[in-house]
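*Asks:* First, the structure itself, so that you have it in front of you.
The values are calculated or read from the model by the stated rules, or taken from the named source; none is laboratory data. Bear in mind that the values here come from a model prediction, so they are computed numbers and not experimental data. Don't worry about glycine lacking a Cβ; one is built from the backbone with ideal geometry, like all the others, and counts go over all protein chains shown. Protein only, heavy atoms only, side chains kept; ligands, DNA and RNA dropped before computing areas. Shrake-Rupley method; radii C 1.70, N 1.55, O 1.52, S 1.80 Å.
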Amino acid sequence: MAPVDLSRVLWTNDAPSPAEETSLKQAVSKLELKLKTIQRNLDQHKGALSVIRRFPYEILGRIFCFTLHDLSPLDKRGRSSLLKLGRVCRGWREASLLEHRLWSSLELGRAGTYEQVTTWLNRSGNVAKSLSTTLEKKEDNDRFTKSTIVRLLTDGPPLDHLFLSCGHVRALAQFIYHFGLARVGASLRPWDGLRSLVIDISYQPDGASAFDGEIPPSTIYSLLPPVKSLVICLPNQDSIFGLHIPHDVPIGVTPTLLAGLTSLGFSCDWESDHILRMLQQCTNLDHLIVEFDNLVIPTVDPSERTYPLDGIQLTKLRSLELRWLRGPGQQLHILNYIVTPHLTSLAIVIEMDEDPTLLVDTTQKITHFIKRSRCQDTLCSLRLQYIDPEDPQDFASIFSLMPKLRQLTLQSVMLDGDFWCTLRDQNCLRHLEKLEVLQVTEVEDSRLFIREILRFLEEQGKREKKCDVLVSFPELGTLTSGDAEDIWLSRTKGSLKDFGIEFSIICEAIDYHPPYSWNC
C-alpha cells in the first residue's frame with residue numbers, strides 16, 4: 001500500500017482523514033520508539049562523562065565505608081549491602097576489595113560456614129579483624145567444638161577484637177572454660193592473641209530468661225586471654241539477686257590481666273565497690289568507661305580495704321567516661337576515690353531523674369575532682385549530658401578550672417543567660433575550637449539564647465584558630481543558621497567567619513552519646 005501523504009495535515013490546521021489518522025498514529029509510534037533509543041543513547045553518553053568514573057578506587061572504597069558505617073559489624077543486612085555495591089560494575093567491585101576495612105568486622109549470627117567466614121575475613125588483608133557473636137545456649141561438646149565461632153578462635157585467621165553477647169550464662173561459662181584449658185606446648189590460637197574483648201552479660205534474649213538467678217562463676221575471668229582492652233557488662237542486680245543483694249560477690253579478673261590493660265569498660269549496677277578494687281590494679285590504664293554506677297562502700301575496718309582512702313592514682317589515664325549514673329546520693333561518687341593527674345577528656349552522662357535534689361552536688365563533685373587530680377592544664381575535652389544545675393552561675397564557675405579546654409559539649413543541660421554571662425565575666429574558654437550546645441529545652445526565646453552565646457564569643461575577640469559552634473533545638477521553629485549571622489551583624493562589624501566562628505543551628509534531636517557503645 002502506497003504511503004499516505006501527510007504534508008497536508010502536518011502543515012495546516014485541517015483535520016486528518018481516517019486514512020491520514022491511521023498513518024499519523026503509526027508514525028507517532030515509530031517516532032516514540034526512536035526517541036526512547038535516542039534518550040537511552042544520550043543517557044549512556046552522559047553517564048560515560050560522569051565525574052564518579054574519575055574517582056580513584058581508594059576514594060570509592062572510603063565512600064562505601066561511610067555508607068555501611070551504621071551496619072558495622074556487618075550483619076546479614078550489612079553483608080548483603082556490601083555485596084550489592086560490588087555488583088554494580090567491575091570498578092565498584094575492585095573498589096570494595098581494595099578497602100580492606102569493609103571486610104574486617106563481622107557479626108556471625110548466620111554468617112555461614114567456617115570456610116565462608118574465613119574467606120570473607122581474609123579479604124581484609126592486614127587490617128585488624130573483629131567478630132561479634134551471641135552465645136544463646138549450652139551445647140554438647142561435639143557440636144560445641146565444631147561450631148563456627150569455636151573453630152574460628154581455634155584455627156582461623158588472627159583476630160584482634162571479639163564481642164561476646166551472653167544469652168545464657170552457662171553457655172558463656174562453657175565457652176571460656178573451653179579456651180581456658182591448659183594446652184602445654186600447643187601453638188597459639190586466635191583466642192590467645194586477642195587484643196580486646198567485650199563480654200556483655202546484660203543481653204536479654206526475646207521471650208526468655210537470660211539468667212534464671214545465676215551469675216557467671218568468677219573463675220571464668222581468670223581464664224581470659226591477656227588482652228589490652230576489656231569490657232565487662234554485668235546483668236541487672238534485680239534479675240539475679242532479687243531482694244537480697246550481697247556486696248561480696250567477686251568479679252574474678254586477675255591482677256595480672258588488670259595490670260596489662262590500657263582500656264577498661266565496666267557496666268554494673270550492683271551495690272558494691274568492685275570498680276574501685278579493680279582500678280587499684282590498673283596501673284597502665286589510658287581509657288576508662290564506667291556505666292550504671294551504684295557505688296557502695298562497705299562498712300569495714302579501713303585497714304581491710306584494698307584501695308587507699310586518699311584516692312587511687314591513675315597516672316596514665318587520659319580519657320574518663322561516666323555513663324548513666326544513678327542511685328540516691330551516688331551521682332559522681334566514684335570521683336571521690338580516683339586521682340587522674342594527666343586526664344585530657346572527661347564525659348559525664350547522668351540518668352534523667354525526676355528528683356532534682358539528686359543532682360545538687362554535681363558542680364561540687366566535678367570541681368573537687370579536678371582540683372584534687374590537678375588536671376587543670378591537661379583537660380582539653382569535656383562532655384556533660386542530662387545535668388540540671390541548681391545554680392547556673394556556680395555551674396559556669398567550673399570552666400574557670402579548665403583554661404586549656406578546646407572541646408565542650410553540653411547536651412540536655414539546663415542553661416540560661418546567667419550561665420553565658422558568668423563565662424564572659426570570668427573570661428573562660430578562650431581556647432575553644434569546638435562548642436556544641438545540644439537539645440536545648442525550656443528556652444522561652446531561642447533568639448535571645450543565641451544572642452547570649454554570640455555575646456560570649458564576641459567578648460573573646462578574633463580567634464587564632466577556627467571555632468565550630470553547633471546549637472540544636474528539639475523544636476526549632478523558623479530559626480536558622482542565617483539568623484545567627486543576622487544577630488551577630490546587628491551587634492558588631494564583620495561576619496562570624498571574620499572572627500573565626502563557624503555557627504550552625506539545627507533542629508534534629510541528635511544523640512551524640514550512643515549508649516551501650518563499647519569501642520574500647
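*Asks:* Could you tell me whether the range 211-225 includes any residue that is within 29 Å of residue 129 (Cβ to Cβ), within 28 Å of the chain's Cα centre (by Cα) and modelled with pLDDT of 90 or more?
*Replies:* Looking for residues that are within 29 Å of residue 129 (Cβ to Cβ), within 28 Å of the chain's Cα centre (by Cα) and modelled with pLDDT of 90 or more, one finds at least one in the range 211-225, hence yes.
*Asks:* Only one residue in 323, 318 is at pLDDT 80 or above and over 20 Å from residue 292 (Cα atoms). Which one? So that I can check it myself, show each step before the final result.
*Replies:* On the way: 323 fails: over 20 Å from residue 292 (Cα atoms).
That would be 318, the only listed residue that is at pLDDT 80 or above and over 20 Å from residue 292 (Cα atoms).
*Asks:* Same structure again: Please find, among 451, 372, 447, the residue that is in contact with a strand residue (DSSP E or B) (Cβ under 7 Å, 6 or more places away or on another chain), in a helix (DSSP H, G or I) and open to solvent by 50 Å² or more (accessible area, probe 1.4 Å).
*Replies:* Only one candidate passes the filter, namely 372.
*Asks:* Are there any pairs, at least 6 apart or on different chains, whose C-beta atoms fall under 7 Å, with the first in the range 131-160 and within 14 Å of residue 193 (Cα to Cα) and the second open to solvent by 60 Å² or more (accessible area, probe 1.4 Å) and of a type outside the set (A, V, I, L, M), and if so, which?
*Replies:* Filtered contacts from the range 131-160: 157/122; 160/195.
*Asks:* A further question follows. In the range 63-89, which residues are basic (Lys, Arg) and either modelled with pLDDT under 90 or under 21 Å from the mean Cα position of the chain (by Cα) (or both)? Show your work before the answer.
*Replies:* First, the residues of the range 63-89 that are basic (Lys, Arg): 76-77, 79, 84, 87.
76, 77, 79, listed by residue number.
*Asks:* In contact with a strand residue (DSSP E or B) (Cβ under 8 Å, 6 or more places away or on another chain), under 30 Å from residue 96 (Cβ atoms), open to solvent by less than 90 Å² (accessible area, probe 1.4 Å) and of a type outside the set (Phe, Trp, Tyr) - does that describe any residue in the range 53-65? Even if it seems obvious, please write down each step before you answer.
*Replies:* Here is the first cut: in the range 53-65, the residues in contact with a strand residue (DSSP E or B) (Cβ under 8 Å, 6 or more places away or on another chain) are none.
No, the conditions are met nowhere in the range 53-65.
*Asks:* Evaluate the following for residue 16: is it in a loop (DSSP other than H, G, I, E, B) and either of a type in the set (Lys, Arg) or open to solvent by less than 70 Å² (accessible area, probe 1.4 Å) (or both)?
*Replies:* Details: in a loop (DSSP other than H, G, I, E, B): yes; either of a type in the set (Lys, Arg) or open to solvent by less than 70 Å² (accessible area, probe 1.4 Å) (or both): yes.
Against the criterion (in a loop (DSSP other than H, G, I, E, B) and either of a type in the set (Lys, Arg) or open to solvent by less than 70 Å² (accessible area, probe 1.4 Å) (or both)), residue 16 qualifies.
*Asks:* Regarding residue 110, is this residue at pLDDT below 90, within 30 Å of residue 166 (Cβ to Cβ) and crowded, with 16+ Cβ neighbours inside 10 Å? Write out each step before concluding.
*Replies:* Numbers: at pLDDT below 90: yes; within 30 Å of residue 166 (Cβ to Cβ): yes; crowded, with 16+ Cβ neighbours inside 10 Å: no.
No.
*Asks:* Within the set of pairs 6 or more residues apart or between chains, which connect a residue that is on the phi > 0 side of the Ramachandran plot and touching a residue at least 40 places away in the same chain (Cβ under 8 Å) inside the range 481-508 to a residue that is surrounded by 16 or more Cβ atoms within 10 Å (Cβ to Cβ) and in a loop (DSSP other than H, G, I, E, B) with Cβ atoms less than 7 Å apart?
*Replies:* Hits for this filter: zero, empty list.
*Asks:* Specify which of the listed residues (97, 31, 42) is open to solvent by 100 Å² or more (accessible area, probe 1.4 Å), at pLDDT 85 or above and of a type in the set (A, V, I, L, M).
*Replies:* On the way: 97 fails: open to solvent by 100 Å² or more (accessible area, probe 1.4 Å); 42 fails: open to solvent by 100 Å² or more (accessible area, probe 1.4 Å).
Going through 97, 31, 42 in turn, the sole match is 31.
*Asks:* So which residues in the range 387-415 are open to solvent by 50 Å² or more (accessible area, probe 1.4 Å) and either part of a strand (DSSP E or B) or at positive phi (or both)?
*Replies:* Of everything in the range 387-415, just one residue is open to solvent by 50 Å² or more (accessible area, probe 1.4 Å) and either part of a strand (DSSP E or B) or at positive phi (or both), namely 407.
*Asks:* With respect to residue 299, determine if the residue is in contact with a helix residue (DSSP H, G or I) (Cβ under 8 Å, 6 or more places away or on another chain), farther than 21 Å from residue 366 by Cβ and modelled with pLDDT under 75. Talk me through it step by step, then tell me what you get.
*Replies:* Values: in contact with a helix residue (DSSP H, G or I) (Cβ under 8 Å, 6 or more places away or on another chain): no; farther than 21 Å from residue 366 by Cβ: yes; modelled with pLDDT under 75: yes.
Here the answer is no, as residue 299 does not meet what is asked.
*Asks:* State all residues of the range 457-472 that are open to solvent by less than 10 Å² (accessible area, probe 1.4 Å) and more than 16 Å from residue 407 (Cα to Cα); if no residue qualifies, say none. Walk me through how you get there before you give the answer.
*Replies:* Within the range 457-472, the first condition is being open to solvent by less than 10 Å² (accessible area, probe 1.4 Å), and the residues that meet it are 457, 467, 469, 471-472.
The one that is open to solvent by less than 10 Å² (accessible area, probe 1.4 Å) and more than 16 Å from residue 407 (Cα to Cα): 472.
*Asks:* Out of the residues in the range 466-520 meeting the condition of being β-branched (Val, Ile, Thr) and out of contact with any Phe, Trp or Tyr (no Cβ under 9 Å at 6 or more places or on another chain), tell me which one is modelled with the lowest pLDDT.
*Replies:* As a first pass, look at the range 466-520 and keep what is β-branched (Val, Ile, Thr): 469, 471, 478, 480, 487, 492, 501, 505-506, 510.
Then keep just the ones that are out of contact with any Phe, Trp or Tyr (no Cβ under 9 Å at 6 or more places or on another chain); that gives 478, 480, 487, 510.
Working: 478: 65, 480: 75, 487: 84, 510: 47.
Selected residue: 510.
*Asks:* Look through 94, 99 and report the one residue that is in contact with a helix residue (DSSP H, G or I) (Cβ under 7 Å, 6 or more places away or on another chain), farther than 30 Å from residue 196 by Cβ and of a type outside the set (Gly, Ala, Ser). Spell out the reasoning first.
*Replies:* Numbers: 99 fails: farther than 30 Å from residue 196 by Cβ.
None of the others qualify; the one that does is 94.
*Asks:* Another question, if that's okay. Could you tell me whether any residue of the range 81-88 is of a type outside the set (Ser, Thr, Tyr) and open to solvent by 100 Å² or more (accessible area, probe 1.4 Å)? Write out each step before concluding.
*Replies:* Here is the first cut: in the range 81-88, the residues of a type outside the set (Ser, Thr, Tyr) are 82-88.
Add one more test, that the residue is open to solvent by 100 Å² or more (accessible area, probe 1.4 Å), and what stays is 84, 87.
The answer is yes; a qualifying residue exists.
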